[in-house]
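Read the figures in this text as sums done on the coordinates, not as results from a lab. The shown structure was predicted, so the numbers you read here are calculated from the model rather than taken from an experiment. Methodologically, a virtual Cβ is constructed for each residue, glycine included, from the backbone with ideal geometry; neighbour enumeration extends over all protein chains shown.
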Amino acid sequence: MTQFVKERILPLSLTAFLITLDQVTKGIIANKWPIEPGSLRYYGEDGSWIIGQVFGNDFLQIIHVRNPNIAFSLGSSLPDFIKPIAFIVLPILVLGFLFWYFLKSKEFTKLQLWALAGILGGGIGNLIDRIFRTAGVVDFIDVKFYGIFGWDRWPTFNFADSSVVVCCILLFITLFIPQKKESKNEQKS
């Protein structure tokens, strides 16, 4: 394999895997507990919709929730004419730039490239939902949060959300830890 394929194209296999995992699991949830006329009911003040039944125990529940907004139901107060721009057009531009930068920049380590590939996979997975699922993004993983931040349960999420959060944290750590090590080495000399 060429160096470019090893460094740039191979991590995109993670992107493809995450998009596939995300869409397959969302498809299973949507088919197991489909939206039927009158089946939507408002779920809390966060703007998300809950459909069907809850499966699981007190710690982990699988539940069909539709979020017409973005992470943590941000943007629920935006006017309806702004939402397509904020939830579809801007993410397309950001993901397009991130993909271009992923391919062109020589500044990233291997781990950072894999983290960026994970962010791309999660971002594209949720973007697919925003474009093709009119009721909103399918969220289905619901975990107990034990009152931390005043929340009994963490906001319901999906694999795309998890991928973006975990890979952003990983990218953040890899961007700042080397700088600290370099600055320690500079202080010693």
| task | Could you tell me which of rounded, prolate or oblate describes the stretch 85-129, using a ≥ b ≥ c as the square roots of the eigenvalues of the alpha-carbon gyration tensor, with rounded for a/c under 1.5 and, failing that, prolate when a/b is larger than b/c and oblate otherwise? | result | oblate
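How much FRET efficiency would the formula 1/(1 + (r/R0)^6) give for V24 and F81, where r is the Cβ-Cβ distance and R0 is 25 Å, rounded to 0.05?
The formula returns an efficiency of 0.15 here.
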| request: Provide the per-residue ³J(HN,Hα) series for the stretch 99-105, in order, calculated from phi with Karplus coefficients 6.51, -1.76, 1.60 and θ = phi - 60°, each as a whole number of Hz, with x at glycine and proline positions. | output: 5, 4, 5, 4, 6, 9, 6
| Taking the Cβ-Cβ separation of K106 and D58 as r and a Förster radius of 35 Å, what is the calculated FRET efficiency to the nearest 0.05? | 0.10
| Difference of contour (0.36 nm per residue) and Cα-Cα distance, I148 to L90 | 17.7 nm
